[in-house]
Amino acid sequence: MSAAGADGGSANGTEDGPGPAGGTGPAPSFRVWAPRGMPEVRAGDDLAGLIAAAEPGLVDGDVLIVTSKIVSKAEGRIVRAADREAAIDAETVRVVARRGTLRIVENRQGLVMAAAGVDASNTPAGTVLLLPEDPDASARAVRDGLRDALGVDVGVVVTDTFGRPWRAGLTDVAIGAAGVRVLDDLRGGTDAHGNPLSATVVATADELAAAGDLVKGKAEGLPVAVVRGLPHVVAAGDDGPGARALVRGAADDMFRLGTSEAVREAVTLRRTVREFTDDPVDPGAVRRAVAAAVTAPAPHHTTPWRFVLLESAASRTRLLDAMRDAWIEDLRRDGRSEESIAKRVRRGDVLRNAPYLVVPCLVMDGSHTYGDERRDTAEREMFVVAAGAGVQNFLVALAGERLGSAWVSSTMFCRPVVREALSLPSSWDPLGAVAVGRAAEAPRERAPREPAEFITVR
């Protein structure tokens, strides 16, 4: 790469010299420069016209790298805001992470970034600058305007400055694009050694944005850069999918939330699932959930939790058949009709329909015996509460693994039957059963609960 002045450079993407890997062909190269002469942009300005006047020598295959600030100014995205935090609130759809006053959020454009992209620099006092309403549409408008003004077919990338997880420093990335191959999918090809490429998708638009920022700078007053010599990244006549294609979907985002936000979302995601798909459950995910479960508080430094994992269909069937038979006997002793019994048994099929079952158990090892009914009852209750905290941790951790669950109390009503069916020690008290699997459909909206209704302050 070389940087030049506004006279631009070779449009063929090559310079004389040794080819790659010691070859004799021309070396791949491109040129990038920042045109001078762009005026201060104001609301309503013809941005494409201003760029064309500053750089009339654009040619087919060039890529324009345009700072989002001037796009926002031209589109009138300057708003009065005495309080920048209020403006950030208005542009935020989801808080990803928070540390002190710093917020990483998902904004209205679907971008995850600091402060929702609300900028209080390079704008008059008492105002803030918002990102373009639709950066891809803004890029298309600039591209169309340059085609009309100069008769050239160029690509346009609208950029903004981002921090990045795990990396210090800032860089420009693409938030809008038109006529540019924003992603270069190399999967299915091979590398120079013939190894198959199975996961390589290059964020070409982000690479262009960063290259442009090297010559624009952050305080140089040069809001536009031109990249020449990479015509293969320009989709002639086609606006392409836009930079929205660079935004990773929630289902594929392994780092969607900060730590505390992830915990809160997992708690919210924990919903009782009644219908499961046939998809197999990853045993490793269940074991990770157990690891979270056993971090719950417990009395006397004990470990009152045991989790029986029913990973084979035979073990699940053996347990559920034994429980069903015991339940039917109980209902008959209660004088229930056969029709009533059949209905109740059908309602209990949530465990039978799940591809994976877990039976949490309470053990009282380490508990104290006082010889006093009141104190002995309280001692057991203390252990039961600790076991319940472990079960809740388990359910929340399953939600964090994107697994649905349903805690059903039925094993508590036939503990001897469960212990016999699963060959458990007599000291293990089953605390219900947890059905685990992928939800067959999205759960219904949870009825809102006002926390204040459950709080008493003294």
Would you tally the residues in region 39-70 being of a type in the set (Lys, Arg) and touching a residue at least 40 places away in the same chain (Cβ under 8 Å)? 1
Taking only region 62-79 into account, find how many residues are charged (D, E, K, R) and either surrounded by 24 or more Cβ atoms within 10 Å (Cβ to Cβ) or over 15 Å from THR127 (Cβ atoms) (or both). 1
All but one of (1) in contact with a Leu (Cβ under 7 Å, 6 or more places away or on another chain); (2) at positive phi hold for GLY61, so report the exception by its number. (1)
For region 77-110, how many residues are of a type in the set (A, V, I, L, M) and in a strand (DSSP E or B)? 9
What's the number of the only condition in (1) under 22 Å from PRO299 (Cα atoms); (2) open to solvent by less than 50 Å² (accessible area, probe 1.4 Å); (3) assigned to a loop (DSSP other than H, G, I, E, B); (4) modelled with pLDDT of 95 or more that ALA389 fails to meet? (3)
Those residues that are within 30 Å of PRO280 (Cβ to Cβ), open to solvent by less than 90 Å² (accessible area, probe 1.4 Å) and either among the charged types (D, E, K, R) or not in a strand (DSSP E or B) (or both), I need them from region 439-451; list them, please. ALA440, ALA442, PRO443
Yes/no for ASP253 being open to solvent by 50 Å² or more (accessible area, probe 1.4 Å) and of a type in the set (Asp, Glu): no
Out of everything in region 201-248 that is in a helix (DSSP H, G or I), aliphatic (A, V, I, L, M) and open to solvent by less than 40 Å² (accessible area, probe 1.4 Å), what residue ends up being farthest from PRO56 (Cα to Cα)? ALA243
Can you pull out every residue in region 122-146 that is at pLDDT 95 or above and more than 20 Å from GLN109 (Cβ to Cβ)? ASP144, GLY145, LEU146
Would you point out which residue out of THR92, THR67 is closer than 19 Å to GLY179 by Cβ and either of a type outside the set (Lys, Arg) or within 20 Å of the chain's Cα centre (by Cα) (or both)? THR67
Of all the helices (runs of 4 or more DSSP H) wholly in region 258-360, which have at least 2 residues that are within 20 Å of LEU398 (Cβ to Cβ) and basic (Lys, Arg)? 283-293
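The values are calculated or read from the model by the stated rules, or taken from the named source; none is laboratory data. Remember, it's a predicted structure, so these values are computed and weren't measured experimentally. Cβ: placed from backbone, ideal geometry, glycine included. Neighbour counts: every protein chain shown. Remember, those area values only see protein heavy atoms, side chains included, never the ligands or the DNA or RNA. Shrake-Rupley method; radii C 1.70, N 1.55, O 1.52, S 1.80 Å.
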